[in-house]
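The values are calculated or read from the model by the stated rules, or taken from the named source; none is laboratory data. Treat the numbers as computed from the prediction; the structure is a model and nothing was measured. To get the accessible areas, we keep the full protein, side chains included, count just its heavy atoms, and leave off ligands, DNA and RNA. Shrake-Rupley method; radii C 1.70, N 1.55, O 1.52, S 1.80 Å.
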Amino acid sequence: ADIETILGIGNSNGTRFEFECYDISHLNNLAHFHGRGLARGPLFVQSVFGLLGGIGAHPEDLMHMRRTADRLLGDDYLWSILGAGRNQMPLATIGAAMGSHVRVGLEDSLWIGPGQLPKTNAEQVARVRTILEAPNSAVATPDEAREMLQLKGR
């Protein structure tokens, strides 16, 4: 009932939701509300890996989340991944190769590499940008990201 209420309030004022899914059950819940028309597409699904109580951080876990999201949500979602802690850069690399968007930052990981602590989010963003551009993956500008996510603007 709480989720239904929040979705209704958000939808009535044009809120775009980020649906953080920590496990397969969260995808099933999201599919339920999407099927009822309460979670409106395209959904922005942020798959979160490697936190206690959620799905693990193994590459097979990432692939399982993707297969499940594809099965449940079809093509009505944008997929992004977040690997917690030391899993951030390896999972960002694998996810991007599978077509995901990626999220990095100090909120999710205090590391930039083995034994390396970044001073700013910008260091992590620069590192993941290097990883993404190596195989010629495009990196969205802030304006392109706002457009993809159908945000109202700055």
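Based on C-alpha pairs under 8 angstrom that are at least 6 apart in sequence, the chain has a relative contact order of 17 percent. Helix 2-12: angle to the longest alpha-carbon principal axis of the chain, degrees 0 to 90, nearest 10? It works out to around 90 degrees.
Of the residues 143, 70, 61, the one that moves most in a GNM of the chain with alpha-carbon contacts below 10 Å is 143. Note on the chain: with a GNM built from Cα contacts shorter than 10 Å, the maximum mean-square fluctuation among 38, 30, 91 falls on 38.
As a check on your grasp of the helix formula, calculate [θ] at 222 nm for the chain: sum -39500 (n - 2.57) over DSSP H runs of n ≥ 4, divide by the residue count, round to the nearest 500. Each step should come with its number before you reach the end.
On the way: 6 runs with 68 residues, N = 154.
About -13500 deg cm²/dmol.
Ligands, DNA and RNA excluded, the heavy atoms of residue 58 present near 110 Å² of accessible surface to a 1.4 Å solvent probe.
On a C-alpha basis, how far is the centre of region 1-64 from the centre of region 106-123 in Å? Whole number, if you could? A separation of 26 Å, based on Cα centres. Comparing 83, 74, 95 in a Gaussian network model of the chain (Cα springs below 10 Å), the most mobile by mean-square fluctuation is 74. Per residue, the accessible area of region 1-125 comes to 52 Å² when a 1.4 Å probe rolls over the protein heavy atoms. Per atom type, the chain shows carbon and sulfur on 55% of its accessible surface, probed at 1.4 Å.
Under a 5 Å amide H cut-off, with hydrogens placed 1.01 Å from N, residue 21 pairs with 46, 47, 48 among residues at least 5 apart or on other chains. Among beta bridges identified by DSSP and lying wholly in the chain, the antiparallel ones come to about 5 percent.
Using a probe of 1.4 Å on the protein chains alone, the accessible area found for residue 22 is around 70 Å².
Accessible surface comparison of 123, 60, 147, probe 1.4 Å, protein chains only, largest first: the order is 147, 60, 123. Just the accessible area for residue 15, please: 1.4 Å probe, Å², rounded to the nearest 10? Rounded to the nearest 10, the figure is 60 Å².
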